Amino acid sequence: MQIIVYGTINSVSLALMALGFAMVYGISRVPNFAHGALYIVCGFVCWIFLNSLGLNYFLAIILSLLVNALIGALMYRFVLIRVRGMNISEIIGSYAIGLAILEGLRWGGFKGMTYTLPVFMEGSITLGGVPVDYHRLLMMIIGVVLVGLLWAFTHYTKLGLALQGMAQDERAALMLGIDSDLMATLAMAFGAMLAGVAAILILPLGNIVVESGYHVLIMSIAVCIVGGLGSWMGAIVAAFLIGFTQILTVVYIGSHFQMVVAILAIILTLIVKPSGLFGRQHELEERV
Amino acid sequence: MDIAQARKERIDRGIKVRSDGLYALMSLKELSYLTLPRFLLIAGMLSLPFLMPGMYWQRVISIVCIYSLLALSFDFLAHYVGLVCLGGAFFIGMGGYIAGILNTYFGLPPVLTIPLATIIGGALSTFLLLPCLPLKGVYFAIVTLMYPLFMARIIEAFDIFGGTDGIIGIDSFSNHWVEQYVVIGVVLGFVFGLRRLVNMDIGLIFTAIMDNDQAVKASGINITLYRALAVFIASSMGCLGGACITHIYMWSGISQFALDFSILPIAATVIGGAGTLVGPVLGCLILVPVSELLRDFGTLRIVFYAVILVAFILFKSEGIMEFVQRKYEQFERWTKI
């Protein structure tokens, strides 16, 4: 029972982390290696709004999400747009931006003292003999609702359909009058916002530390690769797969191996089936 | 003259054209035009240890050379074989640990451990990377980025080879002159060696694999074999650097798998000029001392070189080397349209 409860919680938080990365890659084919940095930035901005400016927690969350979306959009508009389509430059460029943000935060006094965000709701509930605090429960509910909303957004709104069209075939989308640069900028903004949502939901459970930016990046890459780059359904399934495997390794082998499992999952998936579980890339494109 | 009515025109310098063919041998002036850049590089590298003010900066020169080796191997793999390898730290760590193990557990002197670590490390890295060789582009990049992280976690989790403390008590070079001239000699050797290699038949095959692997396959050439060979060359260079750094610091540990070793060489390659083989060395000569100067600012130096990297990718993606080479070989003038 313990394994099921913690496994589900872990899986949902992994899925939350990875959604933004999967979305940006799925739509604009830009591997956003600054994803972890955006995650931490959102937590930090929220902390500033909350503690330095003394805003209401709800207001602070909304504002920090908007700020994060703006950062993502600016990053795409001014940097990534110029290297789009050049795989290596995309990776190096976005990674360099992420590195600059994270190390800049580390340098800018964002160390030593512990920064924490308050949980949404105190207290806990017992589920089948396992105590679960309300915040984790809320996180799961919001995660599920978020996935549902995203699904509805991409299937039933005009903007969502435009994004999906671009993900499927950019040239055809261009011909139908969809501005691909605008769409990619929006996708990046949404991706940054999703990273922010993950941060707001997950960070109250621990401290805001710069290192977790790298951790989030690795985990979201792991999830997206195992699920298949560019496939959202795959990402969610993979999040559950990796989430449960991680909890099982913690229970039966030891917590040292948690990260080993994630990295091993990436390496094995890439070697055996690079398109992942649900990848839509053709075999020929990625393999010789 | 109004800008709109003129354009810039680039023309080869006369001396460049004259020294293109075999007749360059007839004139001292043209000979020196050809050899001057090479001579400058060799003489400059060899005189560096004398020009440095103290032990500290001489040590920096050794580090520059080790990063140059990594940057060279990245440049070779990415622009002549078409495999973008983001895992320079993997090679450094492999070489470093193997040299450390050979030195402390088996008692071999540095004269033996460095060549052995180069060969064994290269072979081992190639063997471990063998399953990923069919991958291309972003997939190979991500998988190689994960390798050093994986190795570090494995060593941490199993607590082998000294665990998080690393292997200590490793012999150093006999003195710092030997240390510096070994690494400088190795870098110069590899720069000119790789230049020769990519112009030989095998280099042609490497480039062909990068451009169109299906066509190479269709001509009956085993591309995995050639890729493995290229990875072996590149990883041996990285392992050589790792072995040297282990003996310089008399220590090998998990931090040799750190991202620093993967990122800085790539930054140096981008800044120096991708695909030129000399560019990465120049890039390291600029970046490493700058990051040493900024050591007081702590992690701000990482921000600094990340920003330089982005700026170069956006505004000067050809790199310093291409720019200098163009200036050396061509002149520009405005012409009326």
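Every number here is computed from the coordinates shown, using simple stated rules; none is lab data. Computed from a prediction, not measured in an experiment: that's the story for all the values here. Note: ideal-geometry Cβ built from the backbone for every residue, glycine included; neighbour counts use all protein chains shown.
Numbers for the structure displayed
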| item | result |
| --- | --- |
| Mean Cα-pair separation over length for the stretch B:120-262, i.e. relative contact order, pairs under 8 Å, 6 or more apart, % | 49 percent |
| Whether the protein assembly as shown is rounded, prolate or oblate, judged on the alpha carbon gyration tensor where a/c under 1.5 counts as rounded | prolate |
| Gap separating the Cα centres of the stretch B:40-54 and the stretch B:60-118, nearest whole Å | 23 Å |
| Distance between the stretch B:120-174 and the stretch A:192-244 - C-alpha centres, whole angstrom | 25 Å |
| Long-range HN-HN contacts of B:Ser252 with modeled amide H, under 5 Å | B:Ile167 |
| Under 14 Å, Cβ to Cβ, from B:Gly283 - net charge with Lys/Arg +1 and Asp/Glu -1 | -2 |
| Using θ = phi - 60° and Karplus 6.51 cos²θ - 1.76 cosθ + 1.60, couplings along the stretch B:257-267 (whole Hz; Gly, Pro as x) | 8, 6, 4, 3, 6, 8, 8, 4, x, 5, 4 |
| Dipole magnitude of the stretch B:58-257, debye to nearest 20 (Cβ charges: Lys/Arg +1, Asp/Glu -1, about Cα centre) | 340 debye |
| Burial ordering of A:Asp169, B:Asp213, fewest other beta-carbon atoms within 10 Å first | A:Asp169, B:Asp213 |
| Partner chain coverage, peptide B:209-215 - average Cβ within 10 angstrom | 1 |
| Most mobile listed residue (A:Trp232, A:Trp107, A:Trp47) in chain A, GNM with C-alpha springs under 10 Å | A:Trp107 |
| Ranked list, fewest to most other Cβ atoms within 10 Å of each Cβ, for B:Phe161, A:Phe190, A:Phe58 | A:Phe58, B:Phe161, A:Phe190 |
| Cα principal axis extents for the stretch B:58-257, largest first, Å | 52, 38, 26 |
| Calculated from backbone phi, Karplus (6.51, -1.76, 1.60) coupling profile of the stretch B:4-21 in Hz, x at Gly/Pro | 5, 9, 10, 9, 8, 10, 10, 10, 4, 5, x, 5, 5, 5, 5, 8, 5, x |
| Cβ-based charge dipole, the protein assembly as shown, positive-most Cα from A:Gly72, B:Met26, A:Met17 | B:Met26 |
| Normalised convex hull volume, the stretch A:200-249, alpha-carbon set, Å³ per residue | 96 Å³ |
| Size of electric dipole in the protein assembly as shown: Cβ of Lys, Arg +1 and of Asp, Glu -1, about Cα centre, debye, nearest 20 | 1100 debye |
| Prolate/oblate/rounded call for chain B, Cα gyration tensor, a/c under 1.5 rounded | prolate |
| Interchain or long-range residues, amide H under 5 Å from B:Gln330's placed H | B:Arg13 |
| Farthest positive-ward along chain B dipole, Cα basis, beta-carbon charges - from B:Phe127, B:Pro53, B:Ile308 | B:Ile308 |
| Inter-centroid distance (Cα atoms) of the stretch B:283-329 relative to the stretch A:53-79, Å | 31 Å |
| For B:Tyr305, A:Tyr6, B:Tyr105, A:Tyr57, order by how many other beta-carbon atoms lie within 10 Å, fewest first | B:Tyr105, A:Tyr57, A:Tyr6, B:Tyr305 |
| Prolate/oblate/rounded label for the stretch A:8-163 (Cα gyration tensor, a/c 1.5) | oblate |
| Candidates B:Asp260, B:Asp159, B:Asp171: whichever shows maximal mean-square fluctuation once chain B is modelled as a Gaussian network with Cα springs under 10 Å | B:Asp159 |
| Karplus-derived HN-Hα couplings along the stretch B:27-44 (A = 6.51, B = -1.76, C = 1.60, θ = phi - 60°), whole Hz, x at Gly and Pro | 10, 5, 4, 5, 4, 6, 4, 6, 8, 3, x, 5, 4, 4, 4, 5, 5, x |
| Amide H contacts of A:Ser124 (H built 1.01 Å from N, under 5 Å, at least 5 apart or other chain) | A:Tyr134 |
| Sequence-separation-based contact order of chain B, relative, with Cα cut under 8 Å and 6+ spacing, percent | 33 percent |
| Relative contact order of chain A, pairs being alpha-carbon contacts under 8 Å that are 6 or more residues apart, as % | 35 percent |
| Simple Cβ-charge dipole of the stretch A:2-286, Lys/Arg +1 and Asp/Glu -1, about Cα centre, in debye nearest 20 | 160 debye |
| Farthest toward positive dipole pole in chain A [+1 Lys/Arg, -1 Asp/Glu at C-beta], among A:Ser94, A:Leu264, A:Leu146 | A:Ser94 |
